[in-house]
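See below for the structure under consideration.
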Amino acid sequence: MNTQFKKGVLELVVLLAVSKKDMYGYELVLEVSKFVDVNDGTIYPLLKRLTNDKYFETYLVDSTEGPARKYYKITVLGKQRVKELKKNWNDFVTSVNKFMKECMKGE
Amino acid sequence: MNKKSFIKKLKKNLSILEENEVNDIIEEYSDNIDEKIKNGKTEEEAIKDFGDVDELSKEILKAYKINPKNIIEDDSDTLHNLEKFIDKSAKKLSNFASNLINDIKQKDNITLEFICEMIIKIIILLIICAVLGLPFWGLLGLGHAIFDIAFFPLDVVLNVVWGLLVWILYFVVCILIGFALFKDNIKNTKEEKSKSKKTSKKSTKEEIKTESITEEKSKKKEVNNKSYLVSIIKTIIKIFIFLFFLFPIVFIIVGLIFAIVAVIYYLIIGINLWGILLILISLTILFSFVFCVLKNIFTNKKTVIYPFFIGIILLAIGTFVTFDTFKNIELVTLDEYDIKTLNFSVDKSTILKLRGNYEVVFDEKMTDGQISVVVYYYDDYANIETWSNQNKIEIFPIYEVQNGWNLYDEIIANLKDDKFMNYEKLQEFNYKIYGNKKTINIIDIDNF
């Protein structure tokens with residue numbers, strides 16, 4: 001997938017993934033990379049940014065193996081953000097689809 | 001890159017953040033790496049997933065709304081680019097060379113191809129040596145040019161020693177390159193022979209195993225050869241930098257420091273040289289900066305960049321001040337000569353010795369055997385004296401240095417008043433020699 005597309009959509013994808021279920025970093029990377037080809041170097045800073053912007057909050061859970069894991073949980077603000085981004089995405093997709101249809105007619 | 005160096009680099013790049021924040025990030029990332037290793041990835045692969053560390057650090061800093069440009073790019077990118085550039089070009093060169101070698105020796109143990117390979121390698125070696133020779137010839141010429149100033153027996157000795165040194169150095173470099181080219185070749189043929197002997201003795205099952213092992217081994221060896229070539233080429237580049245930049249720069253800096261001391265002395269005497277002092281200081285800073293940058297290539301350290309800007313600013317101010325100072329210096333032309341007329345009587349053939357430009361003027365009104373010499377000169381600098389015996393007349397200047405007059409003092413005194421004269425005229429002596437044709441014919445003018 002085009003990197004420019006990816007960057008724009010990744011925030012929505014990550015927000016959606018966490019809003020479905022609380023996750024820790026590595027879990028999230030696995031989850032997201034099932035759908036979008038993306039590396040850890042993009043996901044982790046994004047998680048940091050979303051946390052700093054108060055869309056996520058974090059808590060630690062002791063794990064059976066190794067040190068405690070940091071889980072990400074969506075906030076009320078985050079939920080609002082998801083709504084907003086979803087709407088933006090849908091609007092964008094419909095208008096692009098519409099435009100594509102118009103163009104196809106002309107062919 | 002391993003986990004340790006990855007974390008170290010990350011820590012350094014994020015040092016602007018609060019410590020617990022950094023630790024939090026590092027912990028999370030190292031957990032990720034550990035987890036991946038548990039799931040079967042190698043440490044290297046796990047770190048590769050994070051991409052370039054600098055890029056990653058930039059993204060993290062962006063999450064804190066910090067402009068990463070000033071923090072990460074600043075010195076590491078601009079100055080380490082040189083190191084990276086050398087690294088890259090060395091790698092490219094070595095890749096090219098080793099690919100070429102591999103292409104050539106795909107089928108081994110065949111003498112014809114082995115000979116072909118050798119010939120091609122020798123050609124490569126010759127080309128590389130020829131190209132590498134250019135700076136050495138420059139160095140040789142430079143040395144000869146410098147040593148030719150010395151006196152007769154010394155200059156020959158110095159030239160010979162210098163020539164020997166440069167040649168030895170050149171041969172060492174050439175041999176190193178030749179070694180780099182041919183070493184793996186010799187090794188490979190030996191090892192492959194021994195391997196083929198071993199495999200032929202073993203059973204089919206084992207053969208498959210050993211084959212896979214040898215394949216792995218040869219892969220590893222290839223990597224080793226490449227890194228070996230990289231390090232050799234890197235070393236050669238570093239030697240070049242040392243010889244042609246680092247070493248001369250040290251001399252330049254020492255020279256500049258001497259010049260600064262001299263200028264300070266003249267400043268104390270009272271000559272306005274502030275502009276030149278500024279220029280010299282700025283040049284010292286700039287050269288020291290270049291020196292540090294080059295030196296840090298050897299030690300893999302980073303260099304602070306601000307001395308460069310200080311140097312540039314000082315240079316600009318210095319140039320401006322110098323220009324302003326020179327604009328104010330008044331150029332005084334010395335064109336008034338003193339004139340001295342000397343009369344001689346000549347009755348037989350005589351040598352007239354004089355120093356300077358002369359002009360013979362025939363004057364038939366003058367009596368036979370009489371000549372008169374008019375000397376135009378600047379009497380602050382020298383007096384005109386004559387000396388004669390039976391068939392020789394000598395006219396020569398006596399310089400007045402002994403009398404307390406000194407050109408050097410004069411220049412200093414003039415510079416203090418922002419004046420400068422065309423001092424070379426002080427040493428000009430012009431003569432006009434008058435006499436009738438008969439008399440002039442018997443004298444022989446010797447201009448020494």
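Just so it is clear, none of the values below were taken in a lab; they were calculated from the coordinates. Bear in mind that the values here come from a model prediction, so they are computed numbers and not experimental data. FYI the Cβ positions are ideal-geometry reconstructions off the backbone, even for glycines, and counts take in every protein chain you see.
What the table below lists for this structure:
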read-out	value
Alpha-carbon centroids, the stretch B:122-148 and the stretch B:328-402: separation in whole Å	54 Å
Mean Cα-pair separation over length for the stretch B:1-66, i.e. relative contact order, pairs under 8 Å, 6 or more apart, %	44 percent
Within chain A, helix-based [θ] at 222 nm, where runs of 4 or more DSSP H residues each add -39,500 (n - 2.57), nearest 500	-23000 deg cm²/dmol
Distance violations [Cα-Cα > 18 Å] among B:Lys8/B:Lys92; B:Lys88/B:Lys234; B:Lys12/B:Lys62; A:Lys20/A:Lys79	B:Lys8/B:Lys92
Residue-by-residue Karplus 3J(HN,Hα) for the stretch B:138-146, coefficients 6.51, -1.76, 1.60, Hz, glycine and proline x	x, 4, 4, x, 4, x, 4, 4, 6
Qualifying GluC sites (Glu not before Pro) in the stretch B:347-448, DSSP loop, other Cβ atoms within 10 Å at most 10	B:Glu364
5 angstrom amide H check on B:Leu334, placed H, neighbours 5+ away	B:Asn422
Computed label-point distance, nm, for sites B:Ile351 and B:Ile37 using a 7 Å Cα→Cβ extension	9.7 nm
Whole-Hz couplings from phi, Karplus 6.51/-1.76/1.60, listed for the stretch B:164-179; x for Gly and Pro	4, 4, 4, 5, 4, 4, 4, 5, 4, 4, 4, 5, 4, 5, x, 4
For B:Tyr378, distant residues with modelled amide H under 5 Å away	B:Asp338
Relative contact order, percent, the stretch A:3-106 [alpha-carbon distance under 8 Å, six or more residues apart]	27 percent
Residue exposure sequence - B:Asp54, A:Asp37, B:Asp418 - by fewest surrounding Cβ within 10 Å	A:Asp37, B:Asp418, B:Asp54
A:Phe5 paired with B:Lys238, simple spin-label distance in nm, labels 7 Å along Cα-to-beta-carbon	4.7 nm
10 Å Cβ neighbours from other chains, averaged over peptide B:48-61	4
3J(HN,Hα) from dihedral phi, the stretch B:387-397, Karplus parametrisation 6.51/-1.76/1.60, rounded to Hz, x for glycine, proline	8, 8, 9, 4, 10, 8, 10, 10, 10, 9, x
Relative exposure of B:Asp368, A:Asp91, judged by other C-beta atoms within 10 Å (fewest first)	A:Asp91, B:Asp368
The stretch A:18-96 and the stretch B:231-271: distance between their alpha carbon centers, rounded to Å	57 Å
Out-of-range pairs (alpha-carbon distance over 22 Å; input B:Lys340/B:Lys432; B:Lys91/B:Lys238; B:Lys238/B:Lys302; A:Lys7/B:Lys4)	A:Lys7/B:Lys4
For B:Ile443, distant residues with modelled amide H under 5 Å away	B:Thr350
